[in-house]
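The values are calculated or read from the model by the stated rules, or taken from the named source; none is laboratory data. Note that this is a predicted model, so its numbers are computed, not measured. We place every Cβ from the backbone using ideal geometry, glycine too, and count neighbours over all the protein chains shown.
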Amino acid sequence: MSTNPSTPGIAAGRLSAAQVASNFSDLHPPLTDHEARVAADRCYFCHDAPCMEACPTSIDIPLFIRQISTGTPEAAAHTIFSQNILGGMCARVCPTETLCEEVCVREEAEGKPVIIGQLQRYATDRLMARGGHPYARAASTGKSVAVVGAGPAGLACAHRLAMHGHDVTLFDARPKGGGLNEYGIAAYKAAGDFAQQELDWLMGVGGITCAYDQRLGDNLALDALQAEHDAVFLAIGLAGVNAMTVSGAHDADISAVDWISDMRQSPNKTDIPVGRNVVVIGGGMTAVDAAVQAKLLGAETVTIAYRRDKAAMAASVFEQDLASSKGVRILYNAAPKSLTADSITLARTETRDGKLVETGEEMTLPADQVMRAIGQTLEGAPDILALENGKIYVNETGQTSVDGIWAGGDCATGGEDLTVTAVAEGRDAAEDIHNRLMGKG
Amino acid sequence: MADLSSEFIGIKSPNPFWLASAPPTDKEYNVRRAFEAGWGGVVWKTLGEAGPPVVNVNGPRYGAIHGADRRLLGLNNIELITDRPLEVNIEEITRVKKDYPDHAVVVSLMVPCEEGPWRDILRRLEDTGADGVELNFGCPHGMAERGMGSAVGQVPEYIQMVTEWVKKHSDFPCIVKLTPNITNILYPAKAAMDGGADAVSLINTINSITSVNLDTFAPEPTIDGWGAHGGYCGPAVKPIAMNMVAEIARNPETAKLPISGIGGVTTWRDAAEFMALGAGNVQVCTAAMTYGFKIVQEMISGLSQYMDEKGISNVSDIVGRAVPNAKDWQDLNLNYVTKAVIDQDKCIKCGRCHIVCEDTSHQAIWMHEDRTFEVNDAECVACNLCVNVCPVEDCITMRELDLGEIDERTGKKVEDYANWTTHPNNIGASCG
Ligand SMILES: Cc1cc2nc3c(=O)[nH]c(=O)nc-3n(C[C@H](O)[C@H](O)[C@H](O)COP(=O)(O)OP(=O)(O)OC[C@H]3O[C@@H](n4cnc5c(N)ncnc54)[C@H](O)[C@@H]3O)c2cc1C
Ligand SMILES: Cc1cc2nc3c(=O)[nH]c(=O)nc-3n(C[C@H](O)[C@H](O)[C@H](O)COP(=O)(O)O)c2cc1C
Ligand code: SF4
Ligand code: SF4
Ligand code: SF4
């Protein structure tokens, strides 16, 4: 019999290519014109809208939805992009249930928010499909800025700087830009090759030179960047992963982020090995994404083991429900204790007097693959920069402790580790850099 | 991006979107915020004569018609003209105009139908810097009972007389605001023109009762158990207003009279439609009262996008574009034949098209055994009713028959243009 979900051990190709393609299609299929109009009609055009307040990039949501309802989704896209140039990706990956849609007055009133994220996708898709780029650059300022890291923070910063007429060189350690948009986000959220399409479209503004395979602290030196450019923006994300200290050793104890990254780079994904029984350790978005995608690739059982309770889980209820709906089992209050070559033992926990303690009960699960999703850490930050809580310290405008160097996104302090927050921080740092370079700041 | 700047009877404004004379323009505070929000101009809330101002009711003055999801479709009001002292309004108008020289500030007026009061109020306005005046001959409630507003607007002779006084006693560009509560809009429009008006604006509100409370048996809005008719406005009145605008624009006698289009303008599209039918600009009241001043941003972005896509660089190039195509019924081509076509892939089989055609005298849509629906070309008169009731967009469309093609209903070939004036059944038609 050919390889299937029950094939023991670790194997690629548990499902047919067609099945995998269907599993990895859009989580939310794009809205049709009619669906978009009906959805837009539900928006009340609130004054001082709570949704807009909740969006880290402060997109004028009531205005863009109104522009959709009057048949001008392209104008709606302008409204979106003027605040968030990665509005297309954010429409797909934002946990809207904890951002704009959570506070939508219709969520409050009826438990059914206006589907802001899907409407945002409708508008941005429409404008991007027209080709070309919606913004023209200001006249050249003759200034140049080095942006290190081509993830959402770096892209947003580079784009805003380029618009203001500065010349930008965008460095990244990887052979491709996009950061976690390209290597991390769940494939069914950014179906097709959206991350690269968006990147190419964004570059259409002009004035941005990409320099890939350039790693800061390796073949790229900060002092050289400082010498050659008028300002430096660091957006290097969190390249390291937390270590898990448990006794014993497993044959396939891997980092969830690395596994996802390999999977994202595989065109049809049938070459990605996945266990028959997979156990994912962690409680965030990465844990959910790894578990769901393992399941979609044909793992027979997938279990997320999270050491605290449901309420403490960083992944939203929507994400947890998504995992459950795909057949992932979530074990709360289960902390990793020890490994053997093909199993994992979990200690059951509870919270006593505010402290997480083991109850003494244990359970052992068969595990052909153990994926660690217990958080990423800063790696490769230049020594001269002050850190705070393991991240590069920045003030509210994105300046680090060293004059002339700004930072934003996951690598820097402030905000949640989300795509949209990274975009906001990149954009705002660009404005601050611009003011400084033009002698206004 | 398209240039939205507008010039209407010599009055310049950054865009053709003006706020109509109504509560949103009743105060300096409002008007300043309106300009900041992006409105191109305002017609100040109607001023009355000096002395003690009018008094409004102190209970509900609005009633509304809502869609099922509480979208406001029509608004009714029993508000009077400004209830603030004339001096206060005049000071405010002067200050606002000084600070916003590039925005249009037109002042709406309504005083008793005598020459003295009109002369006096025009003098009071001389130093305000206002760009023009609008004569409110439209308000259909309250003021009309006192011989003003629509009481003047319903008598063409009065319109002409007052307009003449206004032109005699001032140099202000003069817009005459018309009431729709008449039988034929051309009479008041022509009277305004003959009186020397620079433009007409229309429509003011339509006499209406929005609802009746079936417990208290009182019309709503109800003031202490009684109700009076009010003026209807908002999206519901747009078709009525557009027809009146088109009537004036396509009538040879009044065709050159500039028009400011009012009535239900809520989106860029509404504005563009009014302008295509001959309005030089538009005025908005209910939409601003329903959503706030910010909606003008959608009007601006939408009109710009439309103009860019059409390659239209100036708003004046939209004005009147649809007028040559607005005709009398008798001009329409009776040899233009279409047939309804159902897209079977889109059809959800609700049966509505069948039953409305069945019960509306044509019986042209078959309902087959397998619950599929098909148009019988031999019966279809192309009325469009099925298109209008079908819940699925573009599911039923109209196919135009080619010249020479047989119309299965009549058995005749489709011929060249011919209208009723020459039709053999028209016994009044002149032959040859
Ligand atoms: C698996 C996973 C799923 C996620 N899902 C979501 C989601 O659904 N929704 C959401 O909002 N957020 C999600 N996130 C979080 C989101 O992806 C990040 O918050 C966001 O990408 C941060 O952007 P950034 O630009 O700061 O960093 P990154 O996207 O990490 O980009 C950093 C870039 O810097 C480069 N780089 C790193 N070190 C160096 C160096 N030394 N020199 C040069 N270049 C370097 C990297 O190659 C990378 O391209 C997810 C994260 C993960 C890991
Ligand atoms: C509450 C209210 C008060 C109004 N007051 C005036 C007025 O003082 N003078 C006037 O000319 N028109 C007045 N109008 C009429 C409006 O200016 C406008 O002609 C009408 O509402 C149609 O436009 P709309 O559909 O955009 O509201 C008033 C309308 C409303 C709703
Ligand atoms: S809160 Fe909801 S209803 Fe209000 S503007 Fe935002 S999306 Fe629209
Ligand atoms: S809208 Fe304002 S003035 Fe009117 S009833 Fe409500 S609170 Fe009172
Ligand atoms: S009304 Fe439209 S959807 Fe309904 S049966 Fe007719 S064609 Fe089909």
remark   = Residues of the stretch A:155-178 being without any contact (Cβ under 8 Å) to a residue 60 or more places away in the chain and in a loop (DSSP other than H, G, I, E, B), in sequence order, are A:165, A:172, A:174, A:175, A:176, A:177, A:178
Residue among B:152, B:200, B:166 that alone is of a type outside the set (Gly, Ala, Ser), part of a strand (DSSP E or B) and surrounded by 19 or more Cβ atoms within 10 Å (Cβ to Cβ) = B:200
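One line per residue, one yes/no per condition, for (1) within 14 Å of chain B (Cβ to nearest Cβ); (2) among the β-branched types (Val, Ile, Thr):
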position: A:9; (1), (2): no, no
position: A:14; (1), (2): no, no
position: A:22; (1), (2): no, no
position: A:27; (1), (2): no, no
position: A:30; (1), (2): no, no
position: A:44; (1), (2): yes, no
position: A:49; (1), (2): yes, no
position: A:61; (1), (2): yes, yes
query = Which of the following residues is more than 16 Å from ligand 1 (Cβ to nearest atom) and within 14 Å of chain A (Cβ to nearest Cβ): B:4, B:19, B:47?
reply = B:4
ask   = Any residue in the stretch B:394-406 that is over 37 Å from the mean Cα position of the chain (by Cα), more than 16 Å from ligand 3 (Cβ to nearest atom) and among the acidic types (Asp, Glu)?
value = yes
task = For residue B:235, work out the one condition from (1) touching a helix residue (DSSP H, G or I) at 6+ places or on another chain (Cβ under 8 Å); (2) more than 12 Å from ligand 2 (Cβ to nearest atom) it doesn't fulfil.
result = (2)
remark   = Across (1) away from chain B (no Cβ under 14 Å); (2) closer than 28 Å to residue A:197 by Cα; (3) of a type outside the set (Ser, Thr, Tyr), residue A:35 clears everything bar (1)
query = Would you pick out the residues in the stretch A:398-423 that are of a type in the set (Ser, Thr, Tyr) and either modelled with pLDDT under 95 or more than 22 Å from the chain's Cα centre (by Cα) (or both)?
reply = A:400, A:401
remark   = Apart from one, (1) modelled with pLDDT of 95 or more; (2) surrounded by fewer than 18 Cβ atoms within 10 Å (Cβ to Cβ); (3) under 23 Å from residue A:89 (Cβ atoms); (4) assigned by TED's automatic domain parsing to the domain that holds residue A:429 all hold for residue A:261; the odd one out is (4)
request  = Kindly establish whether residue B:374 is touching a Phe, Trp or Tyr at 6+ places or on another chain (Cβ under 6 Å) and within 15 Å of ligand 5 (Cβ to nearest atom).
outcome  = yes
note = Residues of the stretch A:188-219 being surrounded by 22 or more Cβ atoms within 10 Å (Cβ to Cβ) and in a loop (DSSP other than H, G, I, E, B), in sequence order, are A:190
request  = Could you identify the single residue in B:63, B:51, B:67, B:41 that is on the phi > 0 side of the Ramachandran plot and assigned by TED's automatic domain parsing to the domain that holds residue B:267?
outcome  = B:51
task = Looking only at the stretch B:359-371, decide whether some residue is under 24 Å from the mean Cα position of the chain (by Cα) and either within 16 Å of ligand 1 (Cβ to nearest atom) or crowded, with 16+ Cβ neighbours inside 10 Å (or both).
result = no
inquiry  = Take the conditions in contact with a Gly (Cβ under 8 Å, 6 or more places away or on another chain) and free of Cβ contacts under 8 Å to residues at least 24 places away in the same chain and apply them to residue A:196. Does it pass?
reply    = yes
inquiry  = Could you tell me how many of the residues in the stretch B:250-265 are more than 14 Å from every other protein chain (Cβ to nearest Cβ), at negative phi and within 13 Å of the chain's Cα centre (by Cα)?
reply    = 4
task = Give the residue that is farthest from ligand 1 (Cβ to nearest atom), with candidates limited to residues of the stretch B:266-279 that are buried (at least 24 other Cβ atoms within 10 Å of the Cβ) and away from chain A (no Cβ under 12 Å).
result = B:278
key: Cβ pairs under 8 Å, 6+ apart, first in the stretch A:1-23 and closer than 19 Å to residue A:192 by Cβ, second part of a helix (DSSP H, G or I)   = A:20/A:296; A:23/A:296
inquiry  = For the stretch A:89-140: of the residues being outside any helix (DSSP H, G or I) and within 15 Å of ligand 3 (Cβ to nearest atom), which is farthest from the other protein chains (Cβ to nearest Cβ)?
reply    = A:94
request  = Could you list all residues from the stretch B:65-78 that are closer than 18 Å to residue B:239 by Cβ and away from chain A (no Cβ under 13 Å)?
outcome  = B:65, B:74, B:75, B:76
task = Quick one: which residue in A:79, A:70 is over 24 Å from residue A:215 (Cβ atoms), touching a helix residue (DSSP H, G or I) at 6+ places or on another chain (Cβ under 6 Å), within 14 Å of chain B (Cβ to nearest Cβ) and within 16 Å of ligand 2 (Cβ to nearest atom)?
result = A:70
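So that you can scan it fast, the table gives a plain yes or no per residue for (1) surrounded by fewer than 22 Cβ atoms within 10 Å (Cβ to Cβ); (2) under 30 Å from residue B:271 (Cα atoms):
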residue	(1), (2)
A:59	no, yes
A:68	no, yes
A:77	no, yes
A:84	no, yes
A:88	no, no
A:112	yes, no
A:117	yes, yes
message = If a residue must be at pLDDT below 95 and within 14 Å of chain A (Cβ to nearest Cβ), how many such residues does the stretch B:230-249 contain?
response = 0
note = Conditions (1) buried (at least 22 other Cβ atoms within 10 Å of the Cβ); (2) assigned to a strand (DSSP E or B) -> residue B:219 fails only (1)
Among the candidates B:255, B:191, B:228, B:218, residue that is among the small types (Gly, Ala, Ser) and closer than 24 Å to residue B:16 by Cβ = B:255
